[in-house]
Structures are given as C-alpha cells and as structure tokens.
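Undergrad: Structure below; questions to follow.
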Ligand code: GAF
C-alpha cells in the first residue's frame with residue numbers, strides 16, 4: 001500500500017496499522033444539521049487512508065501524499081493549512097481528557113478535487129479512528145464524529161454541523177444514514193439503486209467560490225437569529241410554518257422557509273424509500289434544489305446549470321449537495337438515460353465556455369474502518 005511505503009520512507013518504521021475513512025454525499029437534508037434537523041447522507045467509495053503510529057513525546061508528524069514535505073508540529077497551536085484538520089483531532093481528544101500524546105501519520109486521499117464531498121471530514125475521522133484504537137480509548141463511532149466536528153469548529157474555525165463527520169464514521173455499504181441531528185439517533189436505510197435500474201450520478205462542477213467562504217457562517221447565524229426571534233431552541237422546533245413566516249422578514253424569513261420545508265422533505269423521502277418507491281424521490285430532490293437556490297441562497301450558476309441540464313437530459317431529479325457555492329450536484333438517473341444526461345450536462349457547460357464537469361456514479365460505501 002502506497003501509504004505504508006511512504007510511512008516507512010518518512011519515519012523509518014513499519015506503521016502498526018492502516019485506517020480508512022470515506023467522504024460523503026448528501027441525498028437530502030441540506031443546511032438542516034446545525035438546526036437540529038434531519039439529514040440523509042451516505043459514505044462514498046473515496047476518502048482518506050492513513051498509516052498511523054503513536055509517539056510518546058507529544059509531537060505530531062504528518063505527511064500527506066497530496067501535499068509536499070512532512071510537517072512536524074511540536075506546538076499544536078502552530079499547525080497550518082491542511083495539517084490543522086489532523087492536529088485539530090489530537091487537540092480535541094486531549095481537550096476531552098483523553099491521554100493522547102503524539103503520533104506519526106501519513107495520509108493519502110482520493111476524494112475528487114473540488115467535489116465538495118467532505119475530504120476534510122474524512123481526514124478528521126480517519127485520524128480520530130486510528131488514535132482511538134492506538135491509544136485504546138474505547139470511543140464509539142458517534143463520539144469520534146463529535147470530536148472530529150469539535151476539531152473543525154473550534155480548532156480549524158469552520159462552524160459546520162455534524163452531518164459530514166457522522167456519515168464518514170457511521171456509513172454502511174449499500175445504506176444511507178438517516179440521522180436526527182438533535183438526538184443523534186441514526187438509522188441505516190437500505191439504498192440500492194442498481195436493483196431499480198437507477199444510478200445516482202455525481203456531477204462535480206470543479207469550482208469553489210472562495211468569496212463565499214464566510215457565507216456558511218452567515219447562514220448559520222441567520223438561522224440562529226431566526227430561532228431566537230421565534231422563541232424556539234432551533235428551527236427544528238418550528239411547527240407552524242405560516243405563523244413563523246408571518247413574524248419574520250428578509251433573509252431570516254427565507255432561511256426558515258428552507259430549513260422547515262427541507263426537514264419535511266427528508267421525512268417524505270424516507271417515507272418513499274420505506275414504501276419501496278425510490279423511483280419517486282426525484283421531485284423531492286428538485287424541490288430541495290429550488291429551495292437551496294431561492295430561499296437559502298447557497299447555489300451558484302455552475303450548480304444550477306448542472307441540475308437544470310441533468311433534468312432536461314432525462315434525470316428523475318437533481319440537486320446541489322453539501323454546503324453549496326460550488327462542489328457537486330447529484331442526479332437520480334435511470335440506467336438508459338445516463339448517456340443523455342451526461343451529454344446534456346456536458347454541452348450545457350460547453351455552451352457557456354466552462355470546463356466539462358466530471359460525472360460519475362456513487363454507491364453507498366462502508367464508513368471508517370481499519371484496513372490493515
Ligand atoms: C457542510 C457542513 F460541513 C455540514 O455540516 C452541513 O451543514 C452541510 O454543509 C450543508 O448541509 O458540508
């Protein structure tokens with residue numbers, strides 16, 4: 001394994017183990033996790049593989065096969081760039097009172113670039129999973145996910161919810177994860193598209209609008225302010241949407257409209273899956289996209305064109321997935337329509353002079369685990 005060879009080369013020893021954690025795609029339930037709502041992601045077949053060993057001197061040495069030279073971090077607060085996602089997990093474990101000293105780590109990732117499929121959550125969760133085992137901490141998968149989220153929130157400074165880390169830690173092959181982000185109760189929902197002659201295509205726009213980096217935090221603030229104004233703990237608790245909307249104006253009103261209806265869309269989609277009606281979920285995907293575009297305002301031209309052209313090309317439904325402002329869209333497509341969808345999206349991009357997006361099917365893969 002590449003990561004083992006690199007570990008030997010960098011640190012002059014055999015690693016005691018190799019772990020893997022996947023990225024995720026979200027079927028539905030977008031920007032609901034930090035509103036205590038519902039999400040339905042699944043782990044994808046791409047992620048981060050890590051060879052890891054303990055160190056007893058408090059030092060963290062880390063090398064990424066996708067970056068340059070190994071980084072040595074003596075003082076956790078001095079970590080920079082991508083290494084913060086790794087070091088942040090060591091920090092979060094220590095902050096929670098776990099006796100984690102140092103580590104030597106080599107990571108190798110294959111999450112497609114710019115896809116918005118949570119390579120950062122995969123990186124955090126693989127490190128958490130490896131250290132949990134190497135230090136015998138006995139943490140449950142959800143506890144690892146929560147520590148990974150804490151690393152991202154409080155060490156990296158990105159105020160994400162729990163969806164990505166939970167999907168990476170708890171994913172199961174062939175299943176999506178229906179997660180209640182308040183109680184953290186999760187249920188594995190069989191999601192077998194092949195049996196129905198369907199595919200879930202990922203359309204990777206390859207763009208990331210940097211200017212939008214502060215927008216995630218702004219959306220979260222809008223939601224929290226709206227919840228306060230409505231006198232509820234979180235937007236999850238809004239039961240009378242019309243009444244709530246009557247009390248709000250401007251952006252807050254739009255955000256509430258999205259979050260409340262999106263939670264219902266997740267439940268409706270689960271209902272269809274339970275009824276064996278996976279072919280019928282397309283309309284919910286489309287509605288989710290329109291709501292994210294018009295009410296939550298986190299889409300962008302590349303995502304809208306991907307979604308619209310996929311549907312025009314014969315997809316049963318499509319939507320942006322993840323945080324937005326770039327990354328990927330997903331499209332639910334019957335096997336015999338895959339080619340026409342591919343063509344419709346590719347020519348819509350070509351007409352605008354945009355680089356062709358990568359388009360590939362995704363199936364639910366297993367969550368974080370030890371490989372060797
Ligand atoms: C990003 C965040 F990291 C998630 O927690 C979630 O909020 C998502 O955006 C939007 O649904 O991936």
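No lab work stands behind these numbers, since they all come straight from the coordinates. Being a predicted model, the structure only gives us computed values, none of them experimental. When we count neighbours, we look across all protein chains shown, and the Cβ atoms used for this are built from the backbone with ideal geometry, even at glycine.
Undergrad: What is the distance, in nm, between label points placed 7 Å from the Cα along the Cα-to-Cβ direction at residue 242 and at residue 228?
TA: Distance between the two pseudo-spin positions: 3.0 nm.
Undergrad: Sticking with this one: Taking the mean number of other Cβ atoms within 10 Å as a proxy for protection, how do you rank 327-337, 48-58 from highest to lowest?
TA: Highest mean packing first, the order is 327-337, 48-58.
Undergrad: In nm, what is the difference between 0.36 nm times the number of residues separating residue 101 and residue 274 and their Cα-Cα distance?
TA: Residue separation times 0.36 nm, minus the Cα-Cα distance, leaves 57.7 nm.
Undergrad: Let me ask something else. Distance in nm between label sites at residue 301 and residue 9, each 7 Å beyond Cα in the beta-carbon direction?
TA: If labels sit at residue 301 and residue 9, their model points lie 4.2 nm apart.
Undergrad: Let me have the 222 nm mean residue ellipticity of the chain computed from DSSP H runs of 4+ only, each contributing -39500 (n - 2.57), with the sum over all residues rounded to the nearest 500.
TA: -12000 deg cm²/dmol
Undergrad: Would you please give the FRET efficiency between residue 370 and residue 312, computed as 1/(1 + (r/R0)^6) with r the Cβ-Cβ distance and R0 = 45 Å, to the nearest 0.05?
TA: Efficiency at R0 = 45 Å is approximately 0.50.
Undergrad: Among 263, 35, 225, determine the one that fluctuates most according to a GNM of the chain built with springs between C-alpha atoms less than 10 Å apart.
TA: Per the Cα network of the chain with a 10 Å cutoff, 225 tops the list.
Undergrad: Relative contact order of segment 179-334: what whole-number percent is it, with Cα pairs under 8 angstrom and at least 6 residues apart?
TA: About 30 percent, as a whole number.
Undergrad: Once you place label points 7 Å from the Cα toward the Cβ at residue 55 and residue 80, how far apart are they in nm?
TA: 1.8
Undergrad: Against the empirical 2.2 N^0.38 Å scaling, what ratio does the C-alpha Rg of the chain come to?
TA: Taking the Cα Rg and dividing by 2.2 N^0.38 Å, one obtains 0.99.
Undergrad: Follow-up question, since we're still on this one. Please report the relative contact order for the chain, taking Cα pairs under 8 Å with a sequence separation of at least 6, and give it as a percent rounded to a whole number.
TA: Once divided by the residue count of the chain, the mean separation gives 23 percent.
Undergrad: Here's a follow-up. Rounded, prolate or oblate: which one fits segment 76-229, using the alpha carbon gyration tensor with axes a ≥ b ≥ c (rounded when a/c is under 1.5, else prolate when a/b beats b/c, else oblate)?
TA: It is rounded, given that a/c, with a ≥ b ≥ c, falls under 1.5.
Undergrad: For segment 221-278 and segment 302-351, what is the centre-to-centre distance using only Cα atoms, to the nearest Å?
TA: 26
Undergrad: Arranged from highest to lowest average of other beta-carbon atoms within 10 Å per residue, in what order do the peptides 172-180, 123-131, 147-155, 216-224 appear?
TA: The densest-packed peptide leads the list: 123-131, 147-155, 172-180, 216-224.
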